[in-house]
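What follows is one structure encoded as structure tokens, with my remarks underneath.
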Amino acid sequence: MSTNSLFKVFIGYDSREDIAYQVARHSLLRHTQSNVSVHPIRQESVRELGLYTRPVDATATTEFSLTRFLTPYLAAQAEGWVLFTDCDFLFTTDITNVLEGLDPTKAVYVVQHEYQPAHDIKMDGQKQTRYPRKNWSSFILFNLAHPDVQALTPDVVNSVSPAFLHRFQWVKDDAHIGSLELDWNFLEGEYERPEATPRVIHYTNGGPWFAEWQSVDFADLWLAEEAAYRASLTAKAA
């Protein structure tokens, strides 16, 4: 991707966690000097557009559990790379660095986590689920020129099983799933705290925006980013 090209980032939006989205977006843009645009994926909006027609799933952990797979379609371009991330993220580096050294034969790049969740309950009292390739889909770099990604149409997203989507069974050859370094999607609470701050922190079990998750690793960084975000609102209003 040319350094002058617009790098689109889509962040899943959940109405129960607006502040998580706002802080994730703020941290990403604050650390990124290049040409980047950030877009929320709101289930209400993609339903209104007729792009998402699945029945409402009251058991889904987030409102964007499956709408994330509309990212390539929403990007509306035939080539290049586009990124999806969950909203419970904090970015501490220029996100465009993730584009360095990518193999154009790969359909996607993800952090290929292999772990057993440390908690049975996450976020606002929701039950933790366990399944193969868990959390791979929380940070997906899509290659828009790859045929497997181009085949991931709204019709597919609306008709196949959630497992088919989250386990990347729509990528026809596992060799086409590229692997990113762990700290592009560091799962707070699932790995020991590293000495160096991860490039992308994922508060997958719950973050400091929940009262009961105030003491998680890197909570201070998230709270500082929240303060900076709120200060920016005050500055705009002045």
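So, taking all protein chains as they sit and a 1.4 Å probe, how much accessible area belongs to Trp213, in Å² rounded to tens?
Result for Trp213: roughly 40 Å² accessible.
Of Ile19, Leu90, Pro154, which is farthest on the positive side of the dipole of the chain, counting Cα position, with +1 on Lys and Arg Cβ, -1 on Asp and Glu Cβ, and the Cα centre as origin?
Of the options given, the answer is Pro154.
Using a ≥ b ≥ c from the Cα gyration tensor of the range 10-100 (square roots of the eigenvalues), is it rounded, prolate or oblate, where a/c under 1.5 gives rounded and otherwise the larger of a/b and b/c decides, a/b for prolate? Walk me through the intermediate numbers first.
Values: a/c = 2.44, a/b = 1.41, b/c = 1.73.
It is oblate, given that a/c is not under 1.5 and a/b is not larger than b/c.
Place a point 7 Å from the Cα of Leu233 along the Cα-to-Cβ direction; which residues of the range 207-221 have their backbone N under 17 Å from it?
208-211
Just from its helices, what would the mean residue ellipticity at 222 nm be for the chain, if runs of 4 or more DSSP H residues each count -39500 (n - 2.57) and the sum is divided by every residue, rounded to the nearest 500 deg cm²/dmol?
Only helices count here, giving -7000 deg cm²/dmol.
Give me the number: length gained by fully extending Tyr191 to Lys172, i.e. 0.36 nm times residue separation minus the C-alpha to C-alpha distance, one decimal in nm. If you can, show how the numbers build up before the last one.
Values: separation 19, 0.36 × 19 = 6.84 nm, distance 3.01 nm.
That works out to 3.8 nm of additional length.
For the chain, how many pairs of lysine residues have a Cα-Cα distance under 27 Å, where the two are 8 or more positions apart or belong to different chains?
Numbers: Lys8/Lys106; Lys8/Lys134; Lys8/Lys172; Lys8/Lys236; Lys106/Lys134; Lys106/Lys172; Lys122/Lys134; Lys134/Lys172.
Taking the chain as the scope, the lysine pair count is 8.
With charges only on Cβ, +1 for K and R and -1 for D and E, what is the dipole size of the chain about its Cα centre, in debye, rounded to 20?
On the way: 20 positive and 31 negative charges, 113 e Å.
About 540 debye.
Report, in whole Å, the centroid distance computed from the Cα atoms of the range 67-112 and the range 5-32.
13
Would you work out which of Thr197, Gln112, Trp81 lies farthest towards the positive end of the dipole of the chain? Charges go on Cβ: Lys and Arg +1, Asp and Glu -1.
Value: Trp81.
For the range 174-238, what is the charge dipole size about the Cα centre, in debye to the nearest 20, if Lys and Arg each add +1 at the Cβ and Asp and Glu each add -1 at the Cβ?
On the way: 4 positive and 12 negative charges, 95 e Å.
So the dipole magnitude of the range 174-238 works out to roughly 460 debye.
The values are calculated or read from the model by the stated rules, or taken from the named source; none is laboratory data. Just so you know, these numbers come straight off a predicted model, no measurement behind them. As a convention, Cβ positions derive from the backbone with ideal geometry for all residues, glycine included, and neighbour counts pool all protein chains shown. The area values use the complete protein model at the heavy-atom level, side chains included, leaving out ligands, DNA and RNA. Shrake-Rupley method; radii C 1.70, N 1.55, O 1.52, S 1.80 Å.
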